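The values are calculated or read from the model by the stated rules, or taken from the named source; none is laboratory data. Given the structure is predicted, the values throughout are model-derived calculations rather than measurements. Backbone-built Cβ (ideal geometry, glycine too); neighbour counts: all protein chains shown. Accessible surface is based on the protein model in full, side chains and every heavy atom, while ligands, DNA and RNA are left aside. Shrake-Rupley method; radii C 1.70, N 1.55, O 1.52, S 1.80 Å.
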Amino acid sequence: MRKEHRLVDRRDFQEVYKKGRSVANAQFVVYFLKRGDVGAFRAGVSAGRKLGKAVVRNRVRRLVKEALRLNAERISPGYDIIVVVRKAAVGLSFAEVQRCLLHALRKASLLNGPEL
């Protein structure tokens, strides 16, 4: 993901968790919070230890970040987004991760543009 699309500060994560809303499907939970500015969206990915060892967690995180990068123009600007990976997402192919992530973002009304 490009630098302006990264959510990395711990305080920003905590603010999204506390003040934001969430939607979920079997594979992901998406927390989101509208920011005051209308800049590009910022996203972070959280993969807990229950998913598996570091290799497994990092692979899922990379797939989610790539799906966000490829669909960045479709995601509404001005939001902070946290994607929490669930156990059901482990072992999915990239196409399945992308489809499930877009489904969760659509449920959160964070997608604009044409449907795939």
Positions within region 6-43 being among the aromatic types (F, W, Y) and either more than 16 Å from V85 (Cα to Cα) or out of contact with any Lys or Arg (no Cβ under 9 Å at 6 or more places or on another chain) (or both), in sequence order: F13, Y17, F41
Residue within region 15-26 that is touching a residue at least 40 places away in the same chain (Cβ under 8 Å), in contact with a Cys (Cβ under 9 Å, 6 or more places away or on another chain), open to solvent by less than 40 Å² (accessible area, probe 1.4 Å) and closer than 14 Å to L110 by Cβ present: yes
Neighbours by Cβ (under 7 Å, 6+ apart or cross-chain): first from region 82-98, under 14 Å from N58 (Cβ atoms); second of a type in the set (G, A, S) and open to solvent by less than 30 Å² (accessible area, probe 1.4 Å): V85/A47; V90/G52; V97/A67; V97/A89
Output for region 58-78, where each listed residue is modelled with pLDDT of 95 or more and open to solvent by 50 Å² or more (accessible area, probe 1.4 Å): N58, R59, R61, R62, K65, E66, R69, L70
Qualifying positions in region 61-101 - over 14 Å from A26 (Cβ atoms), part of a helix (DSSP H, G or I) and among the hydrophobic types (A, V, I, L, M, F, W, C): L63, V64, A67, L68, L70, A72, F94, A95
